[in-house]
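Everything on this sheet refers to the single structure shown next.
The values are calculated or read from the model by the stated rules, or taken from the named source; none is laboratory data. Not measured: the values here are computed from a predicted model. Ideal geometry is used to build each Cβ from the backbone, glycine not excepted, and the neighbour counts take in all protein chains shown. Note: accessible area is taken over every heavy atom of the protein model, side chains too, but ligands, DNA and RNA are not part of it. Shrake-Rupley method; radii C 1.70, N 1.55, O 1.52, S 1.80 Å.
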Amino acid sequence: MRWHRSGRELWVELLGDFNYERVLKLREIMKENDTLILNLQNSSFVDTEAVDFLYNLKLRGREFRLLNIPDLLIKVSKFLDF
Amino acid sequence: MKAQLILESRVPLIEPAVEFVKSFGLKAGLTKEEAVELALCADELLTDVVRFAFPEEVGKFVLTLEATPSQVELIGFFGEAITVHTISQRVNAKFGFKSTALMLGTFPEARIVGIREDYGQRISVVIDFLHLIKKEKAEVYLPKEYLKILKEIYQNMGIEVVNKREKRTELPKTSKVELSVNFPMGTAVIVVERSGQDLKERVDRKVKKLFSSGVEVVYADLPLDRAETKRAVKVLRELGFVFSGLVPLFHRERDYLRLQKIKGNYDFKKIELYSEMAKKIAKRVKRELNEVAQER
């Protein structure tokens, strides 16, 4: 996982699938007021732990943007409205 | 094509295991998209096992993959869920696995996560199976002793059973028997590919030898697509074998009846079961063990 901060924006590029291990890592590095910008160009899939993580960000009103979203997540994100 | 992964329940091991499953899928002939879908399934399964089956400490579990070489398709998953608690069994059930057998004493006694006192006996497992290719019907020879329970196990997997009639012919003089022994685990499996007139003598000799060399449990697998299996059951019961269950597609993609012969006693109160089918199987195993004990 590669990341850097730009003001309040936390830019993260995952170096593999968006799974539980990477969710744990994201929880570790994210600060309360960060806006997450997550690049998924290297992720072939996004598992339920990751979907749960994103959905909870939405529920808590946290800002995030996803880049290069895998097809399966596009369907899920439409369904969950994020 | 078959592969077995023995894994520790640690988060960093999920991804390499998922990658292995993906490459297995590709080698077995899946397209890239199908392999990614398979990898996602494996990721979900493994993450649940790591998160929920062993919440406090690191545990070990086995993931088995099987694909037919002819059709290069995955045909089923089976899980060996320990019965010290029901968490692994619940995870299997969540993914549609159905219980088909109870194997007593598969693993040596060990300190178990979340259990402070000694467990006090070898660890038994439930075989949970998931067909990946829908099987509508099984035409098999069901021994009369296990006609009802085997039918129930098949039906629980959504498979219609046709019990074929055995034409009584003379058994061949010699049996064809394969033995595989796992000395570190103290278990052995006898696969009876063909039952002959010498079956009782050969199995008896093997079991005695195994029990005297440190093996604690012997499982015997009988093919349900062979007519003489009906008669072989009687022979093995006379040697003290009891029911274990159905082991679908276990050898050469065929269904087998599994029997088991144990050393010592098991306290069934310590065997925690989740599915109704597993409980039914355990009841049958316990009853037969009591019968064997009374005959001694």
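May I ask for the net charge around A:SER43, where only other residues with Cβ less than 9 Å from the Cβ of A:SER43 are counted and Lys, Arg are +1 while Asp, Glu are -1? List each step's numbers first, then the result.
Details: positive: A:ARG22; negative: A:ASP17.
Residues near A:SER43 contribute 0 overall.
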Notebook entry, point to check: Going by a ≥ b ≥ c, the root eigenvalues of the Cα gyration tensor, does the range B:182-276 fall in the rounded group (a/c under 1.5), the prolate group (a/b larger than b/c) or the oblate group?
Noted result: oblate
Next item on the list: Output the residues of the range A:37-58 meeting this criterion: accessible area (heavy atoms, 1.4 Å probe) in the chain alone minus accessible area with all protein chains in place is 20 Å² or greater.
Entry: A:SER44, A:PHE45, A:ASP47, A:THR48, A:GLU49
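Could you state the accessible area per residue of the protein assembly as shown in Å², with a 1.4 Å probe and every protein chain left in place?
Details: 19000 Å² over 378 residues.
Here the residues of the protein assembly as shown average 50 Å² of exposed surface.
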Item checked: Extreme residue, positive dipole direction of the range A:2-80, given options A:VAL46, A:GLY61, A:TYR20 (C-beta unit charges) -> A:GLY61
Item checked: Inter-probe distance in nm under a simple model that places probes 7 Å from Cα toward Cβ, at B:ARG165 and A:THR35 -> 7.9 nm
Check: Given the pairs B:LYS151/B:LYS176; B:LYS134/B:LYS279; B:LYS206/B:LYS269; B:LYS94/B:LYS137, which are separated by over 29 angstrom at their Cα positions?
Finding: B:LYS206/B:LYS269
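Which loop-located trypsin sites (Lys or Arg not before Pro) does chain A contain, where loop means any DSSP state but H, G, I, E or B and the Cβ has at most 11 other Cβ atoms within 10 Å? Spell out each step's value before the answer.
Numbers: sites: A:ARG2, A:ARG5, A:ARG8, A:ARG22, A:LYS25, A:ARG27, A:LYS31, A:LYS58, A:ARG60, A:ARG62, A:ARG65, A:LYS75, A:LYS78; in loops: A:ARG8, A:LYS31, A:ARG60, A:ARG62.
Passing both the DSSP loop test and the Cβ count: A:ARG8, A:LYS31, A:ARG60.
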Margin query: Compute accessible area for the range B:11-42 by itself and then with all protein chains, 1.4 Å probe, and report residues whose area falls by 50 Å² or more.
Written below: B:VAL11, B:GLU15, B:LEU40
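With a 1.4 Å probe and all protein chains left in place, how much of the accessible area of chain B comes from carbon and sulfur atoms, in whole percent? Don't skip to the end; give the middle numbers.
On the way: 7330 of 14380 Å².
The C+S portion of the solvent-accessible surface of chain B is 51 percent.
Taking every DSSP beta bridge with both residues inside the range B:150-227, roughly what % is antiparallel (nearest 5)?
Working: 7 of 12 bridges.
Close to 60 percent.
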Margin query: Averaged over its residues, how many other protein chain Cβ atoms are within 10 Å of peptide B:46-53's Cβ atoms?
Written below: 2
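Can you pull the semi-axes for the protein assembly as shown, root of five times each eigenvalue of the Cα gyration tensor, sorted largest first, whole Å? If you can, show how the numbers build up before the last one.
Details: eigenvalues 430, 103, 58 Å².
Taking √(5λ) for each eigenvalue gives 46, 23, 17 Å, largest first.
Among rounded, prolate and oblate, which fits chain B when a ≥ b ≥ c are the square roots of the eigenvalues of its C-alpha gyration tensor, a/c under 1.5 means rounded, and a/b larger than b/c means prolate? Present the calculation step by step, with values, prior to reporting the outcome.
Values: a/c = 1.78, a/b = 1.26, b/c = 1.41.
Here chain B falls in the oblate category.
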Notebook entry, point to check: the range B:112-180: which GluC sites (Glu not before Pro) are DSSP loop and have at most 12 other beta-carbon atoms within 10 angstrom?
Noted result: B:GLU117, B:GLU136, B:GLU170
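Is the range B:144-215 rounded, prolate or oblate when judged by the Cα gyration tensor, a ≥ b ≥ c being the square roots of its eigenvalues, rounded requiring a/c under 1.5 and prolate requiring a/b larger than b/c?
Taking the square roots of the gyration eigenvalues as a ≥ b ≥ c, the range B:144-215 is oblate.
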Notebook entry, point to check: Residues with amide H under 5 Å of B:LEU249's amide H, sequence separation 5 or more or different chain, H placed in the peptide plane at 1.01 Å from N; which?
Noted result: B:ARG254, B:ASP255, B:TYR256
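Can you give the charge dipole size of the protein assembly as shown about its Cα centre, rounded to the nearest 20 debye, using +1 on the beta carbon of Lys and Arg and -1 on the beta carbon of Asp and Glu?
On the way: 64 positive and 56 negative charges, 311 e Å.
Approximately 1500 debye in magnitude.
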Next item on the list: Over the range A:2-80, with every protein chain in place, what whole percent of the accessible area is carbon and sulfur at 1.4 Å, could you tell me?
Entry: 50 percent
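With solvent modelled as a 1.4 Å probe, how much accessible area in total do chains A and B shield from it at their shared surface, in Å² to the nearest 100? It would help to have the intermediate numbers written out before the result.
Working: alone 5150 and 14950 Å², together 19000 Å².
That pair hides around 1100 Å² of surface in total.
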